[in-house]
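Asks: My structure is below; once you've seen it, I'll send some questions.
The values are calculated or read from the model by the stated rules, or taken from the named source; none is laboratory data. Not measured: the values here are computed from a predicted model. Cβ placement follows ideal geometry from the backbone for every residue including glycine, while neighbour counts extend to all protein chains displayed.
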Amino acid sequence: MTETVRCALIQTTGITPRDEMMAQQTILIRNAAAQGAQIIGLQELATGPYFCQNESDEWFDLAESVPDGPTTSEMMALAAELEVALVVPLFEEDDNFFYNTAVVIDADGTFLGRYRKTHIPYAKTYREKYYFKPGNTGFPVFSTRFAKIGVYICYDRHFPEGARALGKNGAEIVFIPSATGGRSKQYWHIEQRGHAIANGYFVATSNRVGKESTGPNEFYGHSYFCDPYGRILSEAGEEEEVLIADIDLSSLRATHVDMPFWRDRRPETYDDLTAK
């Protein structure tokens, strides 16, 4: 029996203040739900512009608590109203520490948990170490009404270890919200499709579009869905878009039989991979 889940990715340009950004995200979420989407993923730090292009204390005012902060509370109510599951990345504050976080909400509005970005970059226009503590959640998988989903965030995608952990933990779909531009475009269609192939799950990766007020980065969009063979199911362009894909979860078993990479792993030989 086919178990088809309709998913959506939202790519847009970040703006400020938070209320205006979330009003725009809400319009796009409603658009996705009207097209039948059951799981909807937003881009990295979805409550505003990608402020990490520079170092400025003013952006710490955008940080909020989870799950009782305004964004999580609003998105829980919206998820319950529309009966959709949501992946909502935001700037989290917890006990005077700050994280690049994604909140996962089920279709009845239940807060299922959070993933905190594990790998934190520090480069010319990606000054994230100034703002964020490395994540401490591990690599959880969340059982939504529609599918078991994991989250990996932007720079994380360059590291295969967490992608493997999400497969080991049972993810069927991995959402990878991003804010990326420049030379990363040459890797965009390689790394994440490789994670899907190596780990036997679907990948839903989103990006921003355009230039924002916080710096020179040109975000190139091209959000996409791919299957466990690495085949692109649907792909966005370089403008604001709600991208839809139908994902056949029942195909996963056949894929694992056809490509028996999990069977042929040799974890007892991998100890050196965790040595510093």
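Asks: Scan region 232-276 residue by residue and report those that are touching a residue at least 24 places away in the same chain (Cβ under 8 Å) and in a loop (DSSP other than H, G, I, E, B).
Replies: Ala236, Glu238, Glu239, Glu240, Leu249, Ser250, Met259, Phe261, Trp262
Asks: Name every residue in region 100-139 that is of a type in the set (Ser, Thr, Tyr), under 22 Å from Gly215 (Cβ atoms) and within 17 Å of the chain's Cα centre (by Cα), in order of residue number.
Replies: Thr101, the sole residue that qualifies.
Asks: Of the conditions (1) within 18 Å of Cys154 (Cα to Cα); (2) assigned to a helix (DSSP H, G or I); (3) among the aliphatic types (A, V, I, L, M), Ala171 clears all except one; give me its number.
Replies: So the condition that Ala171 fails would be (2).
Asks: Of the residues Phe142, Phe97, only one is surrounded by fewer than 24 Cβ atoms within 10 Å (Cβ to Cβ), farther than 30 Å from Ser213 by Cα and among the aromatic types (Phe, Trp, Tyr); which?
Replies: The conditions single out Phe142.
Asks: From (1) surrounded by fewer than 24 Cβ atoms within 10 Å (Cβ to Cβ); (2) touching a His at 6+ places or on another chain (Cβ under 7 Å); (3) of a type outside the set (A, V, I, L, M), pick out the condition that doesn't hold for Gly135.
Replies: Checking Gly135 against (1) surrounded by fewer than 24 Cβ atoms within 10 Å (Cβ to Cβ); (2) touching a His at 6+ places or on another chain (Cβ under 7 Å); (3) of a type outside the set (A, V, I, L, M), the one that fails is (2).
Asks: Residue under question is Thr118, and the condition is that it be hydroxyl-bearing (Ser, Thr, Tyr), surrounded by 15 or more Cβ atoms within 10 Å (Cβ to Cβ), at negative phi and touching an Asp or Glu at 6+ places or on another chain (Cβ under 7 Å); does it hold?
Replies: Criteria met by Thr118.
Asks: Find the residue count for region 188-210, including only residues that are free of Cβ contacts under 8 Å to residues at least 12 places away in the same chain and touching a strand residue (DSSP E or B) at 6+ places or on another chain (Cβ under 7 Å).
Replies: 0
Asks: Here is a further query. Kindly provide the set of residues from region 196-208 that are closer than 17 Å to Ser234 by Cα, of a type outside the set (S, T, N, Q) and not in a loop (DSSP other than H, G, I, E, B), ordered by number.
Replies: Ala196, Ile197, Phe202, Val203, Ala204
Asks: With respect to Pro67, is the statement that it is part of a loop (DSSP other than H, G, I, E, B) and either farther than 24 Å from Glu239 by Cβ or free of Cβ contacts under 8 Å to residues at least 60 places away in the same chain (or both) true?
Replies: yes
Asks: Which condition from (1) within 30 Å of Asn54 (Cα to Cα); (2) in contact with a helix residue (DSSP H, G or I) (Cβ under 9 Å, 6 or more places away or on another chain); (3) part of a helix (DSSP H, G or I) is the one that Arg183 breaks?
Replies: Every listed condition holds for Arg183 apart from (2).
The rows are residues; the columns are (1) surrounded by fewer than 21 Cβ atoms within 10 Å (Cβ to Cβ); (2) within 18 Å of the chain's Cα centre (by Cα).
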position: Gly181; (1), (2): no, yes
position: Lys185; (1), (2): yes, yes
position: Arg193; (1), (2): yes, yes
position: Phe202; (1), (2): no, yes
position: Val209; (1), (2): no, yes
position: Ser213; (1), (2): yes, no
position: Ser223; (1), (2): no, yes
position: Pro228; (1), (2): no, yes
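Asks: What is the number of the single condition among (1) in a strand (DSSP E or B); (2) touching a Phe, Trp or Tyr at 6+ places or on another chain (Cβ under 9 Å) that Thr137 does not meet?
Replies: The single condition Thr137 does not satisfy is (1).
Asks: Filter region 209-220 down to residues that are in contact with a helix residue (DSSP H, G or I) (Cβ under 9 Å, 6 or more places away or on another chain) and assigned to a strand (DSSP E or B) and give me whichever is nearest to Ala236 (Cα to Cα).
Replies: Tyr220
Asks: Out of Phe132, Phe91, I need the residue that is in a strand (DSSP E or B) and either touching an Asp or Glu at 6+ places or on another chain (Cβ under 9 Å) or at pLDDT 95 or above (or both). Which one?
Replies: Sole residue among the options that is in a strand (DSSP E or B) and either touching an Asp or Glu at 6+ places or on another chain (Cβ under 9 Å) or at pLDDT 95 or above (or both): Phe91.
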